[in-house]
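Everything on this sheet refers to the single structure shown next.
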Amino acid sequence: MAKAAKAAKSFEENIARLEEIVGALEKGDAQLADSLKLFEEGTALVGACGKMLDEAEQQVVKLSKGADGSPVESPFTGEVEGNGR
């Protein structure tokens, strides 16, 4: 694996590269083999971004009021109050 590929990139860097890949694929100028390489890279980036989003979601904490009115931290459940989701 190349040195640049081993270095962890930020979510924003991955998204920017993914946008480049989508643009190149939409253009349709690349050879089939190059398109397949771009597609594989894009698929890996989507997976990496999804993992980053999952990790970020786990860090989110929902604030609510305790019995005495002071804020109480509780884990993020992904449910929106009042929507029943």
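The values are calculated or read from the model by the stated rules, or taken from the named source; none is laboratory data. Predicted, not measured: the structure shown is a model, and the values here were computed from it. When we count neighbours, we look across all protein chains shown, and the Cβ atoms used for this are built from the backbone with ideal geometry, even at glycine.
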| task | Identify all residues within region 24-36 that are in a helix (DSSP H, G or I) and exposed (fewer than 10 other Cβ atoms within 10 Å of the Cβ); write none if there are none. | result | GLU26, LYS27, LEU32, ALA33
| field | Contacts under 7 angstrom Cβ, first residue in region 37-49 being closer than 11 Å to ARG17 by Cβ, partner outside any helix (DSSP H, G or I) and of a type in the set (Gly, Ala, Ser), 6 or more apart | value | LEU38/ALA30
| message | Suppose we filter region 9-59 for residues that are in contact with a Pro (Cβ under 9 Å, 6 or more places away or on another chain) and either at pLDDT 95 or above or among the hydrophobic types (A, V, I, L, M, F, W, C) (or both); how many remain? | response | 0
